[in-house]
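Heads up, the thing below is written out as structure tokens.
The values are calculated or read from the model by the stated rules, or taken from the named source; none is laboratory data. Since we're looking at a predicted model, the values are computed, not measured. Methodologically, a virtual Cβ is constructed for each residue, glycine included, from the backbone with ideal geometry; neighbour enumeration extends over all protein chains shown.
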Ligand SMILES: [Zn+2]
């Protein structure tokens with residue numbers, strides 16, 4: 001099952017928002033509702049959900065699940081701790 005809700009944490013002000021991810025597009029720009037900072041993906045990430053969200057975007061979820069069926073959520077949470 002694909003999780004379409006990802007909580008994005010703004011790196012500038014720490015504000016959290018939980019937009020619903022589209023399944024057919026990558027979200028490249030996210031305006032922080034807290035400070036109006038424009039979030040963009042970090043190098044190597046396809047969208048703001050992969051960089052700042054608690055859940056990677058749907059295409060990446062599917063891809064990771066194919067390769068690593070058991071560790072998808074664990075891998076992403078480890079990355080978020082850095
Ligand atoms: Zn912010």
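Out of all the residues in region 42-49, is one or more assigned to a helix (DSSP H, G or I), within 13 Å of the chain's Cα centre (by Cα), surrounded by 12 or more Cβ atoms within 10 Å (Cβ to Cβ) and modelled with pLDDT under 90?
No: region 42-49 contains no residue that is assigned to a helix (DSSP H, G or I), within 13 Å of the chain's Cα centre (by Cα), surrounded by 12 or more Cβ atoms within 10 Å (Cβ to Cβ) and modelled with pLDDT under 90.
Given the conditions (1) away from the ligand (no atom under 16 Å from the Cβ); (2) in contact (Cβ under 8 Å) with a residue 24 or more places away in the chain; (3) buried (at least 16 other Cβ atoms within 10 Å of the Cβ), report the number of the one that residue 64 does not fulfil.
If we test residue 64 against (1) away from the ligand (no atom under 16 Å from the Cβ); (2) in contact (Cβ under 8 Å) with a residue 24 or more places away in the chain; (3) buried (at least 16 other Cβ atoms within 10 Å of the Cβ), just (2) comes out false.
Residues of region 50-62 being within 18 Å of residue 11 (Cα to Cα) and assigned to a helix (DSSP H, G or I), which ones?
50, 51, 52
Could you please find all residues in region 1-21 being modelled with pLDDT under 90 and in contact with a helix residue (DSSP H, G or I) (Cβ under 9 Å, 6 or more places away or on another chain)?
Within region 1-21, 2, 3 meet the criteria.
Could you grab me the full set of residues in region 1-16 that are under 10 Å from the mean Cα position of the chain (by Cα) and within 14 Å of the ligand (Cβ to nearest atom)?
7, 8, 9
Could you count how many residues in region 17-26 are within 16 Å of the ligand (Cβ to nearest atom) and surrounded by 15 or more Cβ atoms within 10 Å (Cβ to Cβ)?
Within region 17-26, residues that are within 16 Å of the ligand (Cβ to nearest atom) and surrounded by 15 or more Cβ atoms within 10 Å (Cβ to Cβ) number 2.
Identify, please: which residue in region 28-37 is surrounded by 11 or more Cβ atoms within 10 Å (Cβ to Cβ) and in contact with a strand residue (DSSP E or B) (Cβ under 9 Å, 6 or more places away or on another chain) and is, among those, farthest from residue 60 (Cα to Cα)?
The extreme case among them is 34.
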